[in-house]
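K.L.:
Sending over a structure as structure tokens; questions will come in a sec.
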């Protein structure tokens, strides 16, 4: 029995601290030691949770505060399979980012910032109080921006700061909605499901999308990296900031579970006909202005985009939270597909967005087996990052590379199989399309990477396939129980036949994908013509959300300046007279009352 389950999270924190220390001692230690240290301390809790009894299962409070007549704010945390799984993923990804930063000579400051960011995010995945989670998320956002200044261009870091600030504001909005409902505490464990309204859930999901960088909240542009150490360091921005999205997603999943409903059962907040008509009118006006101000070549694209927004505004009353989640996941995967095809090197960044999108689509499906498979795939792909950092020559290196690629692709394919148990056929079908797209995208890049390694002999291919399948089953032994436990806590118990189906699917998918990864690169070669690449480049430029985000920011800036100028003019010309009139009215009221 584990008397204090908090040690399951402390293990990841200790691993990050030791990994950062080892990363700074690369001159006297082998290069892979930092990743190995972090991986050992991150995987250990996964092997224990669900197999070893815990001393207590409810949340614990470090401190609490309450205003007179107000709700109680508690620094409460809950150690459960979701927290342990998310903490392990955060630690593994942060360890890989530490390894990459040390490899490119980024200096001790970046290593320290990465380690502290990882530690704060480990705390965030277990927090159950919305107000405290907002405070922790704000701290994490500050550290993430500091990391972004090292691993991304200055303009991208500025956009990251703006998006994370909006994410914190969304969490504040969720807390205010809870306070308006008259709750006695902001702790999710103490809240009745009826208190967690669809508005609260939507606000937290928007915050998670902003923290995770899902489309259209992408802070950076996909473009060719500049040569030199700076360009190499920029290629690691995905791994460095991926843990931020994982932690925010874990918090959002907790809020969904606190509502007592599946995402497909959570309707969007109701709005009156008058407000919806006003929203449609505003969208129409903005779309018309965008089309009118567009260059001749961009008129068609802006018109189509405006039409999509108008249709979305009209369809709002008929949508559920699951539809919004599936839409964000689909847009993120489509954008990652275009970016990683037009600029293959950018797959090292775009793949992290795809993995978050898989998690969102799996939860939106409402299927516990699909979510368990997605969580297992998240752990497996994070372990593959650690495996990729180990470079060995010959057949051993080929086996390690094949194992890493198989760990990357097995999760989305299993999630596709799990969608068969979705309670809502329509939502399940939509989520299945998204998951299938993500699975094929991961497989395509895995085959491309296998082909780039050359053509090993048949015996080496067979050895690599066997090692890869063995690696998948070893990871399944460690990560399957906590992933399943987290899915059950979020979406309810698994169907009776699901366990056998998922186990059979894991065996078939692992073997089939291993064969594909070792056989397909030598059988087919996919080459894109210059014209196709040019078209993809134009599509990538047209779908880039950065110009729209910049335009929205400039619009807000101009609007605020005009409002400020109006108030300043009013104060200069009529401020004294207005104040005199107010004082006179106050005196008259006091004398006559």
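K.L.:
Based on alpha-carbon centroids, what's the gap between the range 130-192 and the range 73-127 in Å, whole number please?
P.N.:
Value for the Cα centre distance between the two parts: 16 Å.
K.L.:
A follow-up question, please. Subtracting the Cα-Cα distance from 0.36 nm times the residue separation, let me have the gained length for residue 47 to residue 286 in nm, one decimal.
P.N.:
Values: separation 239, 0.36 × 239 = 86.04 nm, distance 5.33 nm.
Contour length minus the Cα-Cα distance gives 80.7 nm.
K.L.:
Can you sort 7, 18, 205 by how many other beta carbons sit within 10 Å, fewest first? Mind dumping the intermediate values first?
P.N.:
Details: 7 14, 18 18, 205 26.
Ranked by crowding around the Cβ, least crowded first: 7, 18, 205.
K.L.:
Once you place label points 7 Å from the Cα toward the Cβ at residue 546 and residue 169, how far apart are they in nm?
P.N.:
Modelled inter-label distance: 2.2 nm.
K.L.:
Further, regarding this structure: What do you get for Rg/Rh over the range 133-190 if you use C-alpha atoms and the Kirkwood form of Rh?
P.N.:
Working: Rg = 14.5 Å, Rh = 12.7 Å.
Ratio of gyration radius to Kirkwood radius for the range 133-190: 1.15.
K.L.:
Something else now. What does the convex hull of the Cα atoms of the range 150-264 come to per residue, in Å³, rounded to a whole number? Walk me through the intermediate numbers first.
P.N.:
Numbers: hull volume 11.6 nm³, N = 115.
Taking the convex hull of the Cα positions in the range 150-264, it is 101 Å³ per residue.
K.L.:
If I take R0 = 56 Å and measure r between the Cβ atoms of residue 189 and residue 390 in this structure, what FRET efficiency does the formula 1/(1 + (r/R0)^6) give, to the nearest 0.05?
P.N.:
Working: r = 41 Å, r/R0 = 0.73.
Working from the Cβ atoms, E equals 0.85.
K.L.:
Taking 0.36 nm per intervening residue step and subtracting the Cα-Cα distance, what contour gain separates residue 345 from residue 277 on full extension?
P.N.:
Details: separation 68, 0.36 × 68 = 24.48 nm, distance 4.49 nm.
Length gained between residue 345 and residue 277: 20.0 nm.
K.L.:
Listing 253, 309 from the residue with the fewest other Cβ atoms within 10 Å to the one with the most, what is the order? Please report the intermediate quantities before stating the final value.
P.N.:
On the way: 253 27, 309 15.
With the sparsest Cβ surroundings first, the list reads 309, 253.
K.L.:
Would you calculate the separation in nanometres between label points at residue 180 and residue 566, each defined as 7 Å from the Cα along the Cα-to-beta-carbon direction?
P.N.:
2.4 nm
K.L.:
Can I ask one more? Quick check: pseudo-label points 7 Å beyond the Cα along Cα→Cβ at residue 534 and residue 436, how many nm apart are they?
P.N.:
3.4 nm
K.L.:
If only Cα atoms are counted, what is the Rg of the range 78-237, and what is its Dmax, in Å?
P.N.:
Final numbers for Rg and Dmax: 17.2, 56 Å.
K.L.:
Can you sort 96, 89, 509 so the residue with the fewest Cβ neighbours within 10 Å comes first? Mind dumping the intermediate values first?
P.N.:
Working: 96 27, 89 31, 509 23.
Sorted ascending by nearby Cβ count, the order is 509, 96, 89.
Just so you know, all these numbers are worked out from the coordinates, no wet-lab data involved. Since we're looking at a predicted model, the values are computed, not measured. Don't worry about glycine lacking a Cβ; one is built from the backbone with ideal geometry, like all the others, and counts go over all protein chains shown.
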